[in-house]
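> Structure provided below as structure tokens; questions to follow.
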Amino acid sequence: MSDQALIDQAAKGLAAGHLVAFPTETVYGLGADALSLSAVARVFSVKGRPADHPLIVHVADLNAAKALASDWPESAQGLAQAFWPGPLTLIVQKADCVPIAVTGGQQTVGLRVPSHPMALDLLRAFGQVGSGAVAAPSANRFGGVSPTRAQDVSRSLAGRLGANDQILDGGACQVGLESSIVDCTVDPPRLLRPGGLPRAAIEAVVALAPPPASPLPSKGAPSTEAPQIHQTPRVSGSLDSHYAPSTRLLMLSRKALLESAAARAESQPSSRAALCFCFDPTGVAVSPSLIIQQAPTDAADYGRSLYARLNDWDQQGFDELWLETPPLTPEWEAVWDRLRRASHRDSSAAT
């Protein structure tokens, strides 16, 4: 079956209330008709997602987005014109047609026009046979590592999708981290989640409100601290523990990483190895129970491959994942955010 035939079939499936996992430039989404309560309920059920955690609604163009908003601020217009299609979600006041179940009980909705060709084709095709609005969180179990390949979706949601649900394979995602989320219901707008679109690019179009705390650790702060992003209203990916692999993930400063590697080298060999993902393997003590891989030094390259690596490492039986803390510079803000949440484990951690 051709890609277009698969897309047409998927659009008809969405119109019939079924789910479709589809690629975007950021991550794969688990899509449902955003205006169907029963279809949206299935998304929450399949993912195991709390009902108060809002979904992002994907549409094919700016006009379709405006139809789902009761108010469209100047800031939203400027950002949409500059960056759509692309990895940017805008928070605006929702229109009455958007179910409260989609927004987690809030009067605001997150809207996005993705740039992946298959995603846009699906949204356009769905607009011909249905609402054209697709509510889609990442296509994985809630709290886990987001999928950036079709096989990640299949593995994470094995046994959870129905016979009439569908997975569209559009290859590996080109951005690899979720969209940046900007709250346009306030003036000046606020960046609620750093993501595939850098803060600097957004600030070139609109002035953003400064976060309550610095988005990056101060120079005197411990190197294991990460950016704190103010989260109002509630948005996707805002829990302290999120994007987490099953394997324990530790963020280690360069000094702590070298010390841990040396200690492991001096100890009795373990039946399972740890994975050390560092920017420079020089000086890292080699041992049979430590597998060393070199990390990309470019923030965009690192983010693009991060989730695929985490998903793969989870299948390889490591006892721990050691990730060297990235540089404390603005271009690493989104990576910091994901690693901080992926390494956060407590009694309320999402699983």
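> Assuming Ser253 fulfils every condition listed in (1) outside the structural domain of Thr325 (by TED's automatic domain parsing); (2) at pLDDT 95 or above apart from one, which condition is it?
Result: Ser253 passes all but (1).
> Now a separate question. Answer with yes or no whether Leu35 is assigned to a loop (DSSP other than H, G, I, E, B), more than 15 Å from Pro114 (Cα to Cα) and modelled with pLDDT of 95 or more. Reasoning before the result, please.
Values: assigned to a loop (DSSP other than H, G, I, E, B): yes; more than 15 Å from Pro114 (Cα to Cα): yes; modelled with pLDDT of 95 or more: yes.
Against the criterion (assigned to a loop (DSSP other than H, G, I, E, B), more than 15 Å from Pro114 (Cα to Cα) and modelled with pLDDT of 95 or more), Leu35 qualifies.
> In the stretch 249-351, which helices (runs of 4 or more DSSP H) lie fully inside it and hold 2 or more residues that are within 16 Å of the chain's Cα centre (by Cα), of a type in the set (Lys, Arg) and at negative phi? Please lay out each step first, then the result.
Details: elements: 254-266, 299-314, 333-342.
Per the criteria, 299-314, 333-342.
> For Ala51, all conditions in the list (1) modelled with pLDDT of 95 or more; (2) in a loop (DSSP other than H, G, I, E, B) hold save one; what is the number of the exception?
(1)
> Can you tell me which of (1) at pLDDT 95 or above; (2) crowded, with 23+ Cβ neighbours inside 10 Å is the one Gly144 doesn't meet?
(1)
> May I pose another question? Taking the stretch 281-293 on its own, how many of its residues are touching an Asp or Glu at 6+ places or on another chain (Cβ under 9 Å) and either exposed (fewer than 13 other Cβ atoms within 10 Å of the Cβ) or touching a residue at least 40 places away in the same chain (Cβ under 8 Å) (or both)?
Final tally of qualifying residues: 0.
> Any residue in the stretch 79-86 that is over 15 Å from Ala136 (Cβ atoms), among the aromatic types (Phe, Trp, Tyr) and assigned to a loop (DSSP other than H, G, I, E, B)?
First, the residues of the stretch 79-86 that are over 15 Å from Ala136 (Cβ atoms): 79-84, 86.
Those left that are additionally among the aromatic types (Phe, Trp, Tyr): 83-84.
Imposing the further condition that a residue be assigned to a loop (DSSP other than H, G, I, E, B) reduces the set to 84.
Yes, because at least one residue in the stretch 79-86 is over 15 Å from Ala136 (Cβ atoms), among the aromatic types (Phe, Trp, Tyr) and assigned to a loop (DSSP other than H, G, I, E, B).
> Would you check if there is a residue in the stretch 324-343 being modelled with pLDDT under 95, farther than 26 Å from Leu177 by Cβ, crowded, with 16+ Cβ neighbours inside 10 Å and among the aliphatic types (A, V, I, L, M)?
There is no residue in the stretch 324-343 that is modelled with pLDDT under 95, farther than 26 Å from Leu177 by Cβ, crowded, with 16+ Cβ neighbours inside 10 Å and among the aliphatic types (A, V, I, L, M).
> Checking the condition surrounded by fewer than 19 Cβ atoms within 10 Å (Cβ to Cβ), modelled with pLDDT of 95 or more and over 29 Å from Ser45 (Cβ atoms), which residue from Ala201, Ala213, Ala163 passes?
Numbers: Ala213 fails: modelled with pLDDT of 95 or more; Ala163 fails: over 29 Å from Ser45 (Cβ atoms).
Only one candidate passes the filter, namely Ala201.
> Provide a single number: the residues in the stretch 111-128 that are farther than 12 Å from Asp3 by Cα, of a type outside the set (A, V, I, L, M) and under 20 Å from the mean Cα position of the chain (by Cα).
Adding up the residues that qualify gives 4.
> Also, I was wondering about something else. Could we say that Ala101 is assigned to a loop (DSSP other than H, G, I, E, B) and surrounded by fewer than 24 Cβ atoms within 10 Å (Cβ to Cβ) here? So that I can check it myself, show each step before the final result.
Values: assigned to a loop (DSSP other than H, G, I, E, B): yes; surrounded by fewer than 24 Cβ atoms within 10 Å (Cβ to Cβ): yes.
Yes; evaluated as a whole, the condition is true for this residue.
The values are calculated or read from the model by the stated rules, or taken from the named source; none is laboratory data. Model, not experiment: these values are computed from the prediction. Heads up, the Cβs are rebuilt from the backbone with ideal geometry, glycines too, and the neighbour counts pull from every protein chain shown.
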